[in-house]
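Right, one structure below, let's go through it.
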Amino acid sequence: MSTYRQGRSLGDRLLLVAVVALAVIWIAPIVWVVGLSFKPNDVLMRTTGGILFPPFTTKNYADILAASQVFAWMLNSTIVAVGQTVLTLIIASLAGYGFARTNFPGRSALFVVVLAALAVPEQAIIVPLHTMFAAVDLHNTFVALIAPRLAFPFGVLLMTQYFRAIPPEIEEAALLDRASRLKVFWRIVLPLSIPAQATLGTYTFLHAWNEYFWPLVSATKPAMYTLTVGLASMQTNFAQTEGIGFLMAQAVFAGLPVLILYLFFQRHIVSAVAGGPVK
Amino acid sequence: MLRRALMPLAGAALGALFATQAMAQAKTEITFARFFGACEGDYGTSQEVEKARGECGVMTTLVNLFNATNKDNIVVKPQIIEWGPYYQQLNARIAAKDIPAVAVMHTSQIGDYVRYVEDLDGAFKEAGIDAGDFTPNARTGVTVGGKIYAMPWDTHSWLWHFNVGLFKQAGLVDANGQPLVPKTVDEMLAHAKQMKEKTGKPYIIQATSGAGDFANGGRGFYSWLYDQGGSIFPNGFDKADFKTPEALNAFGVFEKLAKGDYITKGLDGSGGIGGFLNGIGAVYITGTWRIDDFLAASAKPGGALSEGYTTRVFPNLFKQQAVWTDNHSWVLPKGGTTPATRKAALTFMKFLWDHNFDWARGGGHLPARQSLMADYAKLPQRQFVVDIPSFGKALPHDVRRQFGFQNMIGEEVSNIINAGKTAAAAADAAQERSVALLRGR
C-alpha cells in the first residue's frame, strides 16, 4: 500500500484532490440538510445559516414519530418496494432470457415494441391507468401500487443484453445433457446473472421507494399511504417557510432506509450508475 | 367446579363484547379530505381549541373536539393530503368513485367542480347554518349561478406588512408614527426612492423565485388590476385580454419597482420571510395568514421588527380600493355520502360553522361570518384588515383553471422583477399562454 502511495504520479495526486473536492461539494448539501433537521423551525424562519451553532432540537424527528401511522406507511413502502423489486426481477429475467435465447415468430418486432415503451412518459398513461384500476376497484390496494410498475422495459432490455453476453456454449453443454430449457435457465443462466439482477433490483427498489405521484392518486386512504405520500401529507401549507426543520427531518427519515440499502449494495449501484452490470 | 365458576364470567365477557360491537356499529364514520398538514405531535389528542395555533393546530383540535363531544356518535376520519397536489388527488378520487364525505376547497376552484359538488341551499336550512350571516366576499365565493355550493370557512387576502423601524428611519411615518401608505404609483416610487436613500434598503420584499412563489405576483397583479376596475376577461370568458391599459398598468407597476431596484430580486419564500425578519427591506408582501408570526417576531427585543410592525391592505394606487381574495370552504362532493353519512357530514359542518372564530383567531384568516367581524377586529392588527370582505375580489366562477392563471401571471411578474422583462413583453407572453389555459374549457 505504502509503495503504491509513494508511486503515485502528480497527475494521480491532482485527480485525488479533485475527487475529494468534488465529494465535499456533493456531500455539503446533505450535511446541511441533516444539520437543518436538528434546528427549531422558528429559528430557521429567520435564517437557514449557522447549522453548527445552538439551538438544536430533536422535535422535528419527534413530530414525525408522533404520527400514528408513520410506521404503517414505512411498512407499506417496504411491501411495495420489495414486491415490485422481486416481481420485476422475475418478469424482466424471464422476458430477457426469452428475447436473448429463444426463437419465436415476431421476436424482433416484440422486442422493438418493448423498447418503444421506453419512450412513453409516465404522465401520458397516468389517466388511463387510473381509470383502469378504478374500473376493477383496485385502488387503495397493494396490487394497484405494485402492478403498474412491473411492465419495466428498461429491466427487460438490461437482462436481455446481459443474457446475450453469456457464452451460449455454457448452455449448449447442459442442453446436450438433456437438461430442459427451464432447468438451464434456473440452474446455469440465472446464477450467472446475479450481478445484473442486483443492479436491476437496486434500481427498481430505489425507484419504488421514492415514487410519489402514482401512490398519491391511487392510495387515497391514509392507511394505504406510502412513506413519501404520508410524510408529505403532514406538511403544513407553508412548510417551506415555517417548517423547514420538519421538512429536512422528513427528508432524512425517508432517506435512511435507502441509505442503509446503499451501504449493502454500494458496488452494484455504482455499477448501475456507471452504465453496466457488474461482471 | 372450575367450569361452573367460570361460566358466569364468560357470559359477562361475551355480553360486554356484543355490547361493544353494537356501540361500534352504531357509530357513523365520515371521511374528511383536507390539506393544512398533520400535527399529531403537538395536537394529537388536544381538544383545547382556544390554545391551538396555526391552520394545522386549529383543524386537528377541532376534529378531536368534535369526535369527543358530538352526541350523534359521529366519527370524523381525516384524510390529509399535501396542499400542492390536493386537487390532482381529488380529481383522481372523483374519477375512481372514492369520494370523501366532506372536502376542503378554495372558492376559486368551485367553478371547476360545480358539477361534482352538492348544491347546499336546502342542506344549510336542514343543518341550521345561517347563510344570511355569510360576509359579502364569502357569499360571492361559494355562489355559482345563484346557488350555494360550499360552506365558506374564511377569507384570505393580500397585505403589505411593514417594518415600522425602517419607515421611521426613512422619515416615512405620520404624526402617530405609523407608516405612510402610498396612494398613487408615483407616490409609491417616491417613497421607495426615499427609503433607499435613507436606509440603503429596498422598499419591497417579494418572494419570486420558487415554484410556490409565483402565486405572489399573480395576487399583486390582480389587486392592482382591480384597483383600476380592470379585468382580464373584458369581452367574455372565452378569451383573456392582457393588453388592456389596466393590465399593462398592473404589470407596469412591477416594472417600475424593478427598474428602480426598489424590490428584492431572486428570493424564494423562505428567503423572503427570513429577509423581512432580518430587516433587509421595509415592506413584505404576503397574506393575512402571516400577521401573528410577525407580531411574535416584533415582540422579541433586538430583532429587526422590534421597533414596530404593522400591516395594511394591499394599497390602492389607482381609483378604487379592491384586493385579491380567495376563501377556504367545505363542500359535500356528490356521491361521497349516504343519507346517514350526509346527515353526519352536515352536523360536522354546523360544528365547524359554530367554531369559525377559532379558525380566524388561530388559523390567521378572516372569518366567513359577518357576525364575528366585530370581535375579529379586536384581535391585534386586525382592525386594519377587517373591511376586506366588503371590497375583496376574485375572478368570476366562469373562469376555469384559476390557479393556472394565477401562477402563469405570477411567472410573468417574476420575469419582470428577476429578468428585466418589460411590462409589454410580459403582457404579450401572458396573452399567448392564456390560450392554452382556456383550451377545452
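The values are calculated or read from the model by the stated rules, or taken from the named source; none is laboratory data. The structure presented is a predicted model; accordingly, all values stated were derived computationally and were not measured. For neighbour counting, all protein chains shown are included, and Cβ atoms are generated from backbone atoms with ideal geometry for every residue, glycine included. Protein only, heavy atoms only, side chains kept; ligands, DNA and RNA dropped before computing areas. Shrake-Rupley method; radii C 1.70, N 1.55, O 1.52, S 1.80 Å.
Table for the structure above
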{"item": "Filtered residue count, segment B:179-234, keeping only those that are part of a helix (DSSP H, G or I), aliphatic (A, V, I, L, M) and within 17 Å of residue B:426 (Cα to Cα)", "result": "2"}
{"item": "Positions within segment B:100-124 being over 19 Å from residue B:404 (Cα atoms), more than 14 Å from every other protein chain (Cβ to nearest Cβ) and outside any helix (DSSP H, G or I), in sequence order", "result": "B:102, B:115, B:116, B:117, B:118, B:119, B:120"}
{"item": "Qualifying residue in segment B:317-331 (condition: within 13 Å of chain A (Cβ to nearest Cβ) and over 21 Å from the mean Cα position of the chain (by Cα))", "result": "no"}
{"item": "Test: residue B:73 is open to solvent by 30 Å² or more (accessible area, probe 1.4 Å), under 24 Å from the mean Cα position of the chain (by Cα) and of a type in the set (S, T, N, Q)", "result": "no"}
{"item": "Options A:153, A:168, A:148: the member that is more than 25 Å from residue A:209 (Cα to Cα) and surrounded by 11 or more Cβ atoms within 10 Å (Cβ to Cβ)", "result": "A:168"}
{"item": "Pairs with Cβ under 7 Å, 6+ apart, first in segment B:381-400 and in a loop (DSSP other than H, G, I, E, B), second surrounded by fewer than 16 Cβ atoms within 10 Å (Cβ to Cβ) and modelled with pLDDT of 95 or more", "result": "B:386/B:377"}
{"item": "Subset tally (residues that are within 10 Å of another protein chain (Cβ to nearest Cβ) and surrounded by fewer than 19 Cβ atoms within 10 Å (Cβ to Cβ)) for segment B:252-280", "result": "2"}
{"item": "Candidate set from segment A:116-140 (those that are under 21 Å from the mean Cα position of the chain (by Cα) and touching a residue at least 40 places away in the same chain (Cβ under 8 Å)); member that is least open to solvent (accessible area, probe 1.4 Å)", "result": "A:126"}
{"item": "Test result for residue A:268, under 14 Å from the mean Cα position of the chain (by Cα), farther than 21 Å from residue B:55 by Cβ and modelled with pLDDT under 90", "result": "yes"}
{"item": "Top-ranked residue of segment B:364-380 - restricted to ones that are in contact with an Asp or Glu (Cβ under 7 Å, 6 or more places away or on another chain) and not in a loop (DSSP other than H, G, I, E, B), ranked as surrounded by the most Cβ atoms within 10 Å (Cβ to Cβ)", "result": "B:366"}
{"item": "Unique residue being among the polar types (S, T, N, Q) and within 19 Å of the chain's Cα centre (by Cα) when the list is B:286, B:310", "result": "B:286"}
{"item": "Complete set of residues in segment B:66-99 that are in a helix (DSSP H, G or I), more than 9 Å from every other protein chain (Cβ to nearest Cβ) and touching a helix residue (DSSP H, G or I) at 6+ places or on another chain (Cβ under 6 Å)", "result": "B:66"}
{"item": "First in segment A:171-192 and open to solvent by 60 Å² or more (accessible area, probe 1.4 Å), second anywhere and of a type outside the set (Lys, Arg), Cβ under 8 Å, 6 or more apart", "result": "A:175/A:184; A:181/A:102; A:181/A:175; A:183/A:174; A:187/A:174; A:187/A:179; A:192/A:166; A:192/A:170"}
{"item": "Filtered residue count, segment B:175-190, keeping only those that are open to solvent by 10 Å² or more (accessible area, probe 1.4 Å), over 19 Å from residue B:305 (Cβ atoms) and not polar (S, T, N, Q)", "result": "7"}
{"item": "Sole residue being crowded, with 21+ Cβ neighbours inside 10 Å and free of Cβ contacts under 8 Å to residues at least 12 places away in the same chain, chosen from A:219, A:232, A:208, A:239", "result": "A:239"}
{"item": "Single residue of segment A:45-65 satisfying the filter (within 27 Å of residue A:230 (Cα to Cα) and of a type in the set (D, E, K, R)) that is least open to solvent (accessible area, probe 1.4 Å)", "result": "A:63"}
{"item": "Single residue of segment B:198-213 satisfying the filter (under 16 Å from residue B:258 (Cα atoms) and out of contact with any Leu (no Cβ under 8 Å at 6 or more places or on another chain)) that is surrounded by the fewest Cβ atoms within 10 Å (Cβ to Cβ)", "result": "B:200"}
